[in-house]
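Notes for the one structure printed next.
The values are calculated or read from the model by the stated rules, or taken from the named source; none is laboratory data. All values derive from a computational prediction rather than experimental measurement. Note that each Cβ is placed from the backbone with ideal geometry, even for glycine, and that neighbours are counted across all protein chains shown. With ligands, DNA and RNA removed, areas are computed over all heavy atoms of the protein, side chains included. Shrake-Rupley method; radii C 1.70, N 1.55, O 1.52, S 1.80 Å.
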Amino acid sequence: MNSSKASPQWLLLAIFISSALYNVNGFWFKLPRTSLSRGLREHYPRILEQNIPDGFETFFYNQTIDHFNYRPESFTTFRQRYLIYSKHWGGGQAPILAFMGAEEPIDDDLKAIGFLTENSERLKALVVFMEHRYYGQSVPFGSRSEALNNTNNRGYFNSAQALADYAEILLHIKKTHDATYSPVIVVGGSYGGELATWFRLKYPHIALGALASSAPVLYYEDITPHNAYYSIVTKNYRDTSETCYQTILKSWAEIQRVGELPDGASILSRQFKTCTPLRNENELRDALAGMYASTSQYGRPPENPIEKFCSAVDRATACGNDSLCKIAAAVFAQKGDRPCYINKPKNRTETDEGWPWQDIKLTLQRSTGNIIFSNGLRDPYSAGGVLKNISDNIIALPTVNGKFLTGSHCLDIVKSNKTSDPDWLVQQRKTEVEIIKGWIAKYYADLKAINKWIPFKLQ
């Protein structure tokens, strides 16, 4: 980037990293989506089975479809959903914590994300959850079919428009709640964490700061190596058990060998108890690679799915040296008693349909600051995260437990669990809150200096 100012081009995500293929040990694998709720739904469904917390009120903002052009159709509007939790809000100049919805309806985020509501009493904050355009109940043009299947309509489905949506909603909330001088802290996880980062850069007059959890803001061409994601997946398994890692490594060639037999796909289908017959060995390889990636990205205490899987591999002594037998035994142990285990049919979600459409260090260094980048170092997407402080107020918080790398995708903003959260996770959340409190305190000091301060005290 030649200009010292951030170009808007890097905000326009037409095709994100989820469409790329990466070579691992001679085989090609697709990089998984970053979606938080996808991982929770697969590994921790009980979290998403909870009800939305009491106290949230639902609102709709009459949103403009195109914030950047002045064609007649640019002024088309649609209803965009946002929710407000005001139970602990101090009113007046008390803070606003705003969650940036990502590539899915906001409903699962309301169930899974706890950081904002859990700290709202301490900060006397108004909590806002905003739904990303083209998802959930925030779909323009009358239907998802009309919104996505029409090329012109789909052109408004990008990150720059989404950021402008959130700016409009937050300004509207500040106006309707008589909160002109309330500091806004934006929070997001994964792609939503990228949105929070970009929002702070693009709209510093609206957001005082940003907490970007597991945001792969550096995972782009010529910044992060293509194989970085799967390098971390490999390291996670190898650190857990060398014998487990060697078994997985051996299994790739064995899958290919069996698959090339005349009835190879049928043999593999029977051995892995697939839900539908495999068409070729690539389907099995992709399914296993996705499972290894998912357990790395979303593994969290106390379940620790990598440890569970590798323990099952290493206990499968009855398999002898048969690597596929050991991998199949571990898959069955990992997923529990089921009629089938691989390629289970699933309905396409809104994320499946919408996601494919949607020198940054220098840009960050020259920005206005007040950004926290938190990353679990066992999360493969941390390879594209900010892992070192860029300045005094652009802060990296990678999770380390003593000498061990730990932490998974967006774990710090997921609802806390007093009985199972390890000390390092509790401390990380405290550190994040203290940093945010520092930003807010300085903001209030600046207000006081220009005689705009109304006495207010944070806990």
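The conditions of being acidic (Asp, Glu) and within 18 Å of LEU377 (Cβ to Cβ) are not met by ASP263. When the criteria are applied in full, ALA383 fails the requirement of being at pLDDT 85 or above, under 20 Å from PRO216 (Cβ atoms), in a strand (DSSP E or B) and within 21 Å of the chain's Cα centre (by Cα). Report yes if some residue within the stretch 172-184 is among the aliphatic types (A, V, I, L, M), farther than 21 Å from SER408 by Cα and either touching a Pro at 6+ places or on another chain (Cβ under 9 Å) or surrounded by 24 or more Cβ atoms within 10 Å (Cβ to Cβ) (or both); otherwise report no. Checking the stretch 172-184: at least one residue is among the aliphatic types (A, V, I, L, M), farther than 21 Å from SER408 by Cα and either touching a Pro at 6+ places or on another chain (Cβ under 9 Å) or surrounded by 24 or more Cβ atoms within 10 Å (Cβ to Cβ) (or both). For the stretch 255-267, the criterion of being in contact with an Asp or Glu (Cβ under 9 Å, 6 or more places away or on another chain), acidic (Asp, Glu) and open to solvent by less than 60 Å² (accessible area, probe 1.4 Å) is satisfied by no residue at all. Condition test on ILE454, is it at pLDDT 90 or above and either closer than 30 Å to GLY92 by Cβ or surrounded by 21 or more Cβ atoms within 10 Å (Cβ to Cβ) (or both)? Here the answer is no, as ILE454 does not meet what is asked.
One residue stands out among those in the stretch 71-86 that are surrounded by fewer than 15 Cβ atoms within 10 Å (Cβ to Cβ) and of a type in the set (D, E, K, R): the one that is nearest to LEU123 (Cα to Cα), which is ARG79.
Flag not set for THR224, criterion: modelled with pLDDT of 95 or more, open to solvent by 10 Å² or more (accessible area, probe 1.4 Å) and farther than 13 Å from ILE371 by Cα.
Within the stretch 329-341, one or more residues are touching a strand residue (DSSP E or B) at 6+ places or on another chain (Cβ under 8 Å) and open to solvent by 10 Å² or more (accessible area, probe 1.4 Å). Within the stretch 186-212, no residue that is basic (Lys, Arg) sits with its Cβ atom under 7 Å from a residue that is buried (at least 24 other Cβ atoms within 10 Å of the Cβ) and in a helix (DSSP H, G or I) at 6+ positions apart or across chains.
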